[in-house]
Amino acid sequence: MTAEEAVGRIRSGMTVGIGGWGSRRKPMALVRALLRSDVTDLTVVSFGGPDVGLLAAAGKIRRLVAAFATLDSIPLEPHFRAARERGGIELTELDEAMMMWGLTAAVHRLPFLPVRAGLGSDVMTVNPGLRTVRSPYEDGEELVAVPALRLDVALVHLNRADARGNGQCLGPDPYFDDLFCEAAAEAYLSCERVVATAEFADPGGPRTLLVRRHAVTGVIEAPGGAHFTSCAPDYGRDEAFQTAYAKAAADPGAWREFTERFLSGDERRYRAAVAAFGREGA
Amino acid sequence: MTGGATRAEYCVVACAEAWRGDGEVLASPMGVVPRIGARLAKLTFAPELLLTDGEAMIVGDDPEVVEGWLPYRAHLALVTGGRRHVMMGASQLDRHGNQNISCVGDWKRPRRQLLGVRGAPVNTLNNPTSYWVPRHSRRVFVDRVDMVCGVGHDRAAAAGPAATRFHQLRCVVTDLAVLDFATPDRTLRVRSLHPGVTAETVREATGFPLDIAGDVPRTRQPSPTELRLIREVIDPEGARDREVPA
């Protein structure tokens, strides 16, 4: 399916989980398709990177559920920062481990999972809905009950997939992409290359098969689909482009130019504009 | 050779000392100087430490050699299992050890949005935690932090036994001194001053009253072996001097 078809399944007001971590292996082609849609008022769940920044800048996010938003080599995500400082998005600020256990609870169809993380911190203050739960065993410990993070839709990007939705991760870290897919009612998997199922064996074998087809609704072939975030081993982060992104994000006029140049057309035009940008730098 | 040690090199050794005696745990340094310090510890007095490449690989004495795989979910299990000693940064830190990296000002609409809480809540409640502050100032050492991310002693105690059970704040290394919480009420005190730093300088750079004993020791000197490792093996490009200028 195409990125447009996948994004066409998303309705305003839905909860969308986005895979990857920071500025690493983000489903950016799907995010760019989402930017081109009329969808708005989203709750976004993410280990945040430029996915969060772009969607916040475009006014697509009503509420963000996250522990951070970063570009890794640039510590602060500029659009996320601006959106927070102008009061432009609501935030459910959770600890990284709480995010993982919230997704895990959703995968296992549990209402919550108990964690120690959060006790004593202001995560409990800024999320007044968070509850604690007492262990029924003799330790009697009072722990945080992290509510399940159920998703309407998950968007993830992997190195390879077959047409049926089996996804292969060849990079150093799967992050939590399989949890995102399994926690969602529908999951859309973009990949660098769609391959025949038999081709999975060659570059890594069965242990690299991260996402299973029962948890995937649609597969989108999107070469360069994580750009400008990293997608090792296919490519690293485009640091020059990320720097240009962060610089443009700091100034409204420069951001208008950036969106006109890179984000006003479809994915084919995006890739052409990025190629032209690369030639300028060379 | 030791006579020529820079402030940055004293800081590296002070950070390395944080992991002494920890055993076979993951050293998680955040920041350039702590990263050099952790490698120095591993190459000298703490060879049993585990270190990553900054992403998902556990590397040996030769950082090109991979000895293990630690993707985020395994990393988080290691945190909650307590087999890790993290040295985090701090945008704000109070006398009880409460740390803020999330935002400055009112959380609802911050004056300055920073990183977010990240893993500071899970870290502080589960594995030993130290802090690295490359510029000791009143902006960092505040009376009250705007958002408690890393949990300090007072907040852990108020949250009850599940919060204090594995809570361990070890030390705070800054460009001026090494601090710890070895006081009756477990608030910050100065453990040692770096050479050339007076107690008065540290007091002035701290936004709350600070316990500094009259006979407070000096931070220990880097040995000739340590200086050689820092300068020739671990950080030949001198990244440490950009974090702590001479």
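The values are calculated or read from the model by the stated rules, or taken from the named source; none is laboratory data. Quick caveat: nothing in here was measured; it's all calculated off a predicted structure. FYI the Cβ positions are ideal-geometry reconstructions off the backbone, even for glycines, and counts take in every protein chain you see.
In the range A:110-152, how many are of a type in the set (Lys, Arg) and within 12 Å of chain B (Cβ to nearest Cβ)?
Narrowing the range A:110-152 to residues of a type in the set (Lys, Arg): A:116, A:131, A:134, A:150.
Applying the additional criterion that residues be within 12 Å of chain B (Cβ to nearest Cβ) yields A:116, A:134.
Selection size over the range A:110-152: 2.
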Worksheet item: If we scan the range B:126-133, do we find a residue that is surrounded by fewer than 24 Cβ atoms within 10 Å (Cβ to Cβ) and more than 16 Å from the chain's Cα centre (by Cα)?
Response: no
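Mind listing whichever residues of the range B:176-186 are in a loop (DSSP other than H, G, I, E, B) and surrounded by fewer than 20 Cβ atoms within 10 Å (Cβ to Cβ)?
Residues of the range B:176-186 in a loop (DSSP other than H, G, I, E, B): B:176, B:181-186.
Of everything in the range B:176-186, those that are in a loop (DSSP other than H, G, I, E, B) and surrounded by fewer than 20 Cβ atoms within 10 Å (Cβ to Cβ) turn out to be B:Ala182, B:Thr183, B:Pro184, B:Asp185, B:Arg186.
Filter the range B:210-234 down to residues that are of a type in the set (S, T, N, Q) and in a loop (DSSP other than H, G, I, E, B) and give me whichever is nearest to B:Ala14 (Cα to Cα).
Filtering first and then ranking leaves B:Thr219.
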Worksheet item: Could you say whether any residue in the range A:109-120 is in the same structural domain as A:Gly20 (by TED's automatic domain parsing) and within 21 Å of A:Gly22 (Cβ to Cβ)?
Response: no
Worksheet entry | Given (1) within 30 Å of B:Gly160 (Cβ to Cβ); (2) more than 7 Å from chain B (Cβ to nearest Cβ); (3) within 19 Å of the chain's Cα centre (by Cα), index of the condition A:Lys60 fails | (1)
Item to complete: Looking for whichever is out of contact with any Asp or Glu (no Cβ under 6 Å at 6 or more places or on another chain), surrounded by 24 or more Cβ atoms within 10 Å (Cβ to Cβ) and within 14 Å of chain B (Cβ to nearest Cβ) here; the options are A:Gly49, A:Gly19. Which one fits?
Response: A:Gly49
Worksheet item: So which of A:Leu94, A:Leu110, A:Leu103 ends up being modelled with pLDDT of 95 or more and in contact with a Phe, Trp or Tyr (Cβ under 7 Å, 6 or more places away or on another chain)?
Response: A:Leu103
Practice prompt. Quickly run through the range B:124-135 and pick out the residues that are hydrophobic (A, V, I, L, M, F, W, C) and either facing chain A (nearest Cβ under 10 Å) or within 19 Å of B:Val79 (Cβ to Cβ) (or both).
Written response: B:Leu125, B:Trp132
Practice prompt. Please go through the range B:105-123 and pick out each residue that is more than 8 Å from chain A (Cβ to nearest Cβ) and either under 22 Å from B:Asp22 (Cβ atoms) or among the aliphatic types (A, V, I, L, M) (or both).
Written response: B:Asn123
Worksheet entry | Given (1) closer than 25 Å to A:Asp72 by Cβ; (2) among the charged types (D, E, K, R); (3) touching a strand residue (DSSP E or B) at 6+ places or on another chain (Cβ under 9 Å), number of the condition A:Glu186 does not satisfy | (1)
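Conditions (1) closer than 12 Å to A:His157 by Cα; (2) in contact with a Ser or Thr (Cβ under 8 Å, 6 or more places away or on another chain), marked per residue:
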{"position": "A:Arg25", "(1), (2)": "yes, yes"}
{"position": "A:Leu30", "(1), (2)": "yes, yes"}
{"position": "A:Leu35", "(1), (2)": "no, no"}
{"position": "A:Val39", "(1), (2)": "no, yes"}
{"position": "A:Phe47", "(1), (2)": "no, no"}
Worksheet, complete the sentence: For A:Trp101, the lone unmet condition from (1) at the interface with chain B (Cβ under 10 Å from one of its Cβ atoms); (2) in contact with a helix residue (DSSP H, G or I) (Cβ under 8 Å, 6 or more places away or on another chain); (3) over 20 Å from B:Gln113 (Cβ atoms) is (2)
Worksheet, complete the sentence: Of (1) free of Cβ contacts under 8 Å to residues at least 40 places away in the same chain; (2) surrounded by fewer than 24 Cβ atoms within 10 Å (Cβ to Cβ); (3) away from chain B (no Cβ under 14 Å), A:Pro203 fails just (1)
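Could you tell me whether A:Ala69 is within 10 Å of chain B (Cβ to nearest Cβ) and within 16 Å of the chain's Cα centre (by Cα)?
On the way: within 10 Å of chain B (Cβ to nearest Cβ): yes; within 16 Å of the chain's Cα centre (by Cα): yes.
For A:Ala69, the condition - within 10 Å of chain B (Cβ to nearest Cβ) and within 16 Å of the chain's Cα centre (by Cα) - is met.
Can we say A:Ala57 is in the same structural domain as A:Phe228 (by TED's automatic domain parsing) and without any contact (Cβ under 8 Å) to a residue 60 or more places away in the chain? Quick ask: steps written out before the conclusion?
Values: in the same structural domain as A:Phe228 (by TED's automatic domain parsing): yes; without any contact (Cβ under 8 Å) to a residue 60 or more places away in the chain: no.
Taking the combined requirement at face value, the residue does not satisfy it.
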Practice prompt. Find the residue count for the range B:159-175, including only residues that are among the basic types (Lys, Arg) and in a loop (DSSP other than H, G, I, E, B).
Written response: 1
Response to the item:
Listed by first then second residue, the pairs whose first member lies in the range B:74-95 and is within 11 Å of another protein chain (Cβ to nearest Cβ), whose partner is small (Gly, Ala, Ser), with beta carbons under 6 Å and at least 6 positions apart or on separate chains, are B:Leu76/A:Ala97; B:Gly89/B:Gly31
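Which one is surrounded by the most Cβ atoms within 10 Å (Cβ to Cβ), of the residues in the range B:213-246 that are of a type in the set (D, E, K, R) and in contact with a Gly (Cβ under 9 Å, 6 or more places away or on another chain)?
Here is the first cut: in the range B:213-246, the residues of a type in the set (D, E, K, R) are B:215, B:218, B:220, B:226, B:228, B:231-232, B:235, B:237, B:240-243.
Right, trim to in contact with a Gly (Cβ under 9 Å, 6 or more places away or on another chain) and you get B:231, B:243.
Values: B:Arg231: 17, B:Glu243: 19.
For the range B:213-246, the residue satisfying everything is B:Glu243.
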Item to complete: Name the single residue, out of those in the range A:66-119 being touching a residue at least 60 places away in the same chain (Cβ under 8 Å) and surrounded by fewer than 21 Cβ atoms within 10 Å (Cβ to Cβ), that is nearest to A:Ser37 (Cα to Cα).
Response: A:Ala82
Practice prompt. Report, by residue number, each residue of the range B:119-158 that is part of a loop (DSSP other than H, G, I, E, B) and of a type in the set (Ser, Thr, Tyr).
Written response: B:Ser137
